[in-house]
Amino acid sequence: MTSPRNRPSGRGGHYRLVVLGAGAEALAAAQTAAERDVRVAVVVPEIDRPRAPQTLLGDKIREIQRQTGLDVDVHIAPDWGIDVFRGQPWFSRYRSLAVGRVELTYRSVLVATGWRRTSFGERVSQAELCLRPETATEMTELPKRLAVVGDGAEACIWAQAMSRLGSQVDWFTTTDDLLSGEDAEAVARVGARLRDQGVKRHVGWGRLHVDRTGRLLGVVVEHPNNSEHLSNNEKPDNGERTSHKEKLLVDAILLCEPRVPNLGGLALPTAAVRSTPEGIEVDEHLATTGTRVFAAGAACGIVWQQPEAALATARLATHNALCRIAWRRRSLDNLVVPRTTPTDPLIIRIGPLPGTPTRKRRLEKQGDDVEEVAFDVAECESSSSGETHEGFVKLHISRRSGRLCEATLVGHAAEQFAALLTLAMTHHVPMGKLADLPLCAASSTTRLIEAIRRG
């Protein structure tokens, strides 16, 4: 219960929908609701994020920030008719939100607060000397040698992008799992490209000691004795817990700290909303355990942090929040989303969102065999162009119905098939039906169908 001294004194009015958040998913939800001529409010936390300077390096850094979902240019247009409140919101009582000393009542509320970072803590000393992806705009010149610290797709994207710009990149990861949850063959191709780009990976670091050495940063890396980084000669044979230290000098250090759902300060128990450190609990309609409280994007789990997943769930949750008839609500299990991981090569996954019952698993439970069809993108390219493109297409197709269950596209040349495969999956079009379309005999789609038939 909110104490009297913290209870809001002003009233901001009653709204059909209140959206909490400042990311692209929150703004997409607010705009979707505003287009239906309902009264909408958005509660935006105050964020002071430095912007990239108008230079060639600054433009490239801004593009990397967009690719990693930092939303550096999102804003609310004045003509949308949306009321904006700035400050930290919290649930003060039943169907009521407080923002500072202003109280908002609502019929429905959508929690789209996105994610926040967790610090490496004591594992990195003098972390204030390091850059973060949000503050990478402070780089006024390209570092000759850059250390990237972190796991997952975001750190991989930064390492590859800075290497392409001309930096010598050392990438420190805690695990040998390059891209968790991605297709094994796609991950292998990304790893090969990292080696070709000269990115040096250091697997299994334990602690980083950072200090200033003139204009450079000195980094002392401690590797635990069970790290794969150690050779057989360096590993202790007496059972003692020792560590191997590695020293290097770099021009800059970029910390890609882990992401977690941003739920702090919302007082979710006041609205009877259950949550865990992994995110808010939602059902197939993205409704929470609280009355008329919905959630979308990374607030439900960090597995939905990708921009496509965040936007798709935000629009679905907005529809369900404004829907007065329960049976007209849309289900999350029927949502087909193409999710892009902008590594090199590009990876696109088409299908149900992670964490939901996928069509492949449901078909297998029903006894319907799922066939895997895979082929190189080069098979779909015109032989007259004389160009060889790296990449492949992998499809999971139901043997009984011929419908597409899931698809993985790797490489920019395979990106051209994303829209067609997404439409086919969304509208339950059998893959054989695509061959009946009046297409040019030399089109890439025709060769895609031929490759499927050969499979």
Practice prompt. Take T340, T426 and order them by how many other Cβ atoms sit within 10 Å, fewest up front.
Written response: T426, T340
Worksheet item: Counting other C-beta atoms within 10 Å, which of L178, L254 has the fewest, and how do the rest follow?
Response: L178, L254
Response to the item:
Listing F120, F172, F294 by rising number of other beta-carbon atoms within 10 angstrom, fewest first, gives F120, F172, F294
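Every read-out reported here was derived from the displayed coordinates using simple, explicitly stated rules and does not represent laboratory data. None of these values were measured; they are calculated from a predicted model. Cβ sites come from the backbone with ideal geometry, for glycine too, and all protein chains shown count toward neighbours.
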